[in-house]
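Worksheet: one structure, shown below.
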């Protein structure tokens with residue numbers, strides 16, 4: 001039996017008819033076309049599907065779509081404003097914090113929550129903040145550098 005849910009994604013209210021077992025990541029990607037939310041492992045281990053659900057970073061492959069009924073969701077597509085990269089996105093670009101880019105959307109979404117909670121994290125706090133996100137390409141050095149850079153820029157109002 002399908003259930004109709006309503007959710008707000010990147011500021012746009014959407015209605016969808018979903019099976020009770022449908023994953024939020026599948027709804028976002030397949031029906032709502034927010035394909036920046038990547039599917040990496042389907043087990044909640046890699047973090048490629050990380051989004052903000054009511055302001056909290058979650059792995060959307062671990063959330064049923066019906067659990068998001070009434071929720072406010074931010075995906076990577078909603079991060080930039082008016083064609084201008086968010087300071088976190090710009091820092092990832094400037095600090096060469098990506099290679100293949102597959103993990104990048106999830107890393108950025110986790111970083112948004114990290115820097116909202118702690119605008120001046122230490123390296124250890126950055127590592128802890130992104131510990132649910134795996135990158136198989138970069139070795140994390142430039143990712144950590146980019147997050148520190150983004151925090152400084154955001155604190156300085158850049």
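The values are calculated or read from the model by the stated rules, or taken from the named source; none is laboratory data. Small disclaimer: the values here were computed from a predicted structure and weren't measured. When we count neighbours, we look across all protein chains shown, and the Cβ atoms used for this are built from the backbone with ideal geometry, even at glycine.
Could you please find all residues in the range 33-70 being assigned to a loop (DSSP other than H, G, I, E, B), touching a strand residue (DSSP E or B) at 6+ places or on another chain (Cβ under 6 Å) and surrounded by fewer than 21 Cβ atoms within 10 Å (Cβ to Cβ)?
Answer for the range 33-70, where residues must be assigned to a loop (DSSP other than H, G, I, E, B), touching a strand residue (DSSP E or B) at 6+ places or on another chain (Cβ under 6 Å) and surrounded by fewer than 21 Cβ atoms within 10 Å (Cβ to Cβ): 44, 54, 69.
Condition first: over 19 Å from residue 23 (Cβ atoms), outside any loop (DSSP other than H, G, I, E, B), under 17 Å from the mean Cα position of the chain (by Cα) and modelled with pLDDT of 95 or more. Can you find one or more residues in the range 119-127 that meet it?
Yes, some residue in the range 119-127 is over 19 Å from residue 23 (Cβ atoms), outside any loop (DSSP other than H, G, I, E, B), under 17 Å from the mean Cα position of the chain (by Cα) and modelled with pLDDT of 95 or more.
Has the range 92-103 got at least one residue that is modelled with pLDDT of 95 or more, more than 19 Å from residue 46 (Cα to Cα) and surrounded by 14 or more Cβ atoms within 10 Å (Cβ to Cβ)?
Yes: the range 92-103 contains one or more residues that are modelled with pLDDT of 95 or more, more than 19 Å from residue 46 (Cα to Cα) and surrounded by 14 or more Cβ atoms within 10 Å (Cβ to Cβ).
Looking for something under 11 Å from residue 109 (Cα atoms) and at pLDDT 95 or above - is there at least one such residue anywhere in the range 38-48?
If we filter the range 38-48 for residues that are under 11 Å from residue 109 (Cα atoms), which is where we start, we get 47-48.
Adding the requirement that they be at pLDDT 95 or above leaves 47-48.
Yes, because at least one residue in the range 38-48 is under 11 Å from residue 109 (Cα atoms) and at pLDDT 95 or above.
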